[in-house]
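The values are calculated or read from the model by the stated rules, or taken from the named source; none is laboratory data. Note that the structure is predicted; figures quoted are calculated from it, not measured. Methodologically, a virtual Cβ is constructed for each residue, glycine included, from the backbone with ideal geometry; neighbour enumeration extends over all protein chains shown. With ligands, DNA and RNA removed, areas are computed over all heavy atoms of the protein, side chains included. Shrake-Rupley method; radii C 1.70, N 1.55, O 1.52, S 1.80 Å.
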Amino acid sequence: MAITLVNPGGLPKIDAYRQVSIATGSKLVFIAGQVAWDAEGATVGEGDLAAQVERCYLNIGTALAEVGGSFEDVAKLTVYVVDWTPDKMPLFLEGVARVAAKLGATPVPPGTLVGVAALDVPDHLVEVEATAVID
């Protein structure tokens, strides 16, 4: 495994992610922002933040698998959410929990969540991009 996730003492422990990732692999992978599209380009979960978060993470997983990786190799996630407010966090975490159940592991690398006014199309509520390191 090329990534070790750490919550250092002196920083808050946040259950949704780890504060630091240590990468030791040899292949650096950048995954473009993934939106809630299925393989045919149809939007999944229109109007449903949890469903769209789930789909975005599954798309990241698909991209990682194509290059020989998994969520264990993710060093950092960046998440963009339309009209973000803190009261949306339970829906966001519900989507992550759904993915964790399907993957058998919770994707908790360091991450940044950014509220944005809009994404590429009006139906998209969230976009997730990833950086991974694979041995």
- Query: What's the carbon and sulfur percent of segment 84-135's accessible surface, probe 1.4 angstrom, rounded to a whole number?
  - Reply: 62 percent
- Item | J(HN,Hα) series, segment 45-62, from Karplus relation 6.51 cos²θ - 1.76 cosθ + 1.60, nearest Hz, glycine and proline x | x, 3, x, 10, 4, 4, 5, 6, 4, 3, 5, 4, 5, 4, 5, 4, x, 4
- Task: Multiply the residue gap between Asp38 and Thr106 by 0.36 nm, knock off their C-alpha separation, and tell me the result in nm, one decimal place.
- Result: 22.3 nm
- Sorted by chain and number, the residues with a modelled amide H under 5 Å from that of Gly69, at a separation of 5 or more or across chains, are none
- Task: Enumerate the amide H contacts of Trp37 below 5 Å, restricted to partners 5 or more residues apart or on another chain; note that Pro and chain-start residues carry no placed amide H.
- Result: Val44
- Task: Measure nothing fancy, just the Cα-based angle from helix 89-103's long axis to the longest principal axis of the chain, in degrees from 0 to 90, nearest 10.
- Result: 60 degrees
- Query: Under the classification rounded if a/c is under 1.5, otherwise prolate if a/b is larger than b/c and oblate if not, where does segment 89-135 fall, given a ≥ b ≥ c as square roots of the Cα gyration tensor eigenvalues?
  - Reply: oblate
- Heavy-atom accessible area per residue of the chain, all protein chains kept, 1.4 Å probe, expressed in Å², is 52 Å²
- Message: Show me the GluC sites (Glu not before Pro) within segment 23-104 that DSSP assigns to loop and that have at most 10 other Cβ atoms within 10 Å of their Cβ.
- Response: Glu40
- Item | HN-Hα J in Hz across segment 122-129 - Karplus 6.51, -1.76, 1.60, θ = phi - 60°, x for Gly and Pro | x, 6, 8, 9, 8, 9, 10, 10
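Taking Rh as the Kirkwood radius computed over C-alpha pairs, what is the Stokes-Einstein D of the chain at 25 °C in a medium of viscosity 0.890 mPa s, expressed in µm² per second? Let's see the in-between values first.
Working: Rh = 15.0 Å.
Roughly 163 µm²/s, to the nearest whole number.
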- Note on the structure: The answer for Ala75, listing residues at least 5 apart or on another chain whose modeled amide H is closer than 5 Å to its amide H, is Thr131, Ala132, Val133
